[in-house]
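What follows is a set of notes on a single structure, which appears directly below.
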Amino acid sequence: PELLTADYTFVDAALAGLYGVEAPAAAWSQVPAPAGRMGLLGHASVLASNAYPNQTSPVRRGLFVRRALLCQELPPPPPEAGAVPEVDPSASTRERFEQHMDDDFCRSCHQFIDPVGFGFEHFDPIGAWRELDAGLEIDASGELVGLDDLAGDDVHAFGSLPELAMVLAGSEAAPACFSRHYFRYAHGRLEAPEDDCALDDLAQRFAAADHDVVSLLAATLTAPEYRYRR
């Protein structure tokens, strides 16, 4: 959970300026996270790599949560899907992307993406804090539908990025996804259907160890499916 809920971060002089905190005396020093940032979701690296050079992207940032943190895959957009809404200096990013929800064709997928990505809107394309977008006050509230399963009907509302981080940290899906990623890394491949039992066992052992990462590494590397080949 600390990966998502850490109230501290590490900065050098350049990054301190971006974050709006005092520059440290030494390079890459630990400092308290500024208000509005929390854990991995508040890192400029995550925010900037999931945005466009000239605008933020609720879609890219929402997909990051779904794919990287929950291991949930949505189908690729169909060929006839529309492009990214054009920048409109008189409309906020949220207003432009909410058009997806007005179309049944778009809403079928974007209902799982955009309302999550709106939680990042206080951060501009390079991850700096902002209060306004197109001169309008930012609304960073949103909701995450289907936390553990896209087919679920559970709805988790949040009012800010830290609240979204707390929703994810309190779930079973995020730690299970973390263990799945480490399985992929350790084995050097994506999982196959016959790995389902091994993944379930790994997630259970990770949870039993109170999500201690060292325990996860040991459980992965000592498991029969890692030590032996058929």
If we scan region 201-214, do we find a residue that is outside any strand (DSSP E or B), open to solvent by 50 Å² or more (accessible area, probe 1.4 Å) and under 21 Å from L74 (Cβ atoms)? no
Name the residue that is most open to solvent (accessible area, probe 1.4 Å), counting only residues in region 25-43 that are more than 15 Å from A165 (Cα to Cα) and of a type in the set (A, V, I, L, M). A25
Go through region 110-164 and report how many residues are in contact (Cβ under 8 Å) with a residue 12 or more places away in the chain, farther than 27 Å from V21 by Cβ, open to solvent by less than 40 Å² (accessible area, probe 1.4 Å) and assigned to a loop (DSSP other than H, G, I, E, B). 4
Among helices (runs of 4 or more DSSP H) entirely inside region 1-85, those with 2 or more residues being in contact with an Asp or Glu (Cβ under 8 Å, 6 or more places away or on another chain) and of a type outside the set (K, R) are 58-64
Can you tell me which residues in region 93-105 are closer than 20 Å to P53 by Cα and either at pLDDT below 80 or in contact with a helix residue (DSSP H, G or I) (Cβ under 9 Å, 6 or more places away or on another chain) (or both)? T93, R94, F97
Quick one: what pairs do we get from region 184-198, first residue farther than 19 Å from A68 by Cβ and open to solvent by 70 Å² or more (accessible area, probe 1.4 Å), second of a type in the set (A, V, I, L, M) and in a helix (DSSP H, G or I), C-beta under 9 Å, 6+ apart or different chains? none
When you go through (1) of a type outside the set (S, T, Y); (2) surrounded by fewer than 15 Cβ atoms within 10 Å (Cβ to Cβ); (3) free of Cβ contacts under 8 Å to residues at least 40 places away in the same chain one by one for H181, which number turns out not to apply? (3)
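The values are calculated or read from the model by the stated rules, or taken from the named source; none is laboratory data. Not measured: the values here are computed from a predicted model. Glycine also receives a Cβ, built like all others from the backbone with ideal geometry; neighbour counts cover every protein chain displayed. When the accessible area is computed, the model is the full protein with side chains, heavy atoms only, and any ligands, DNA or RNA have been set aside. Shrake-Rupley method; radii C 1.70, N 1.55, O 1.52, S 1.80 Å.
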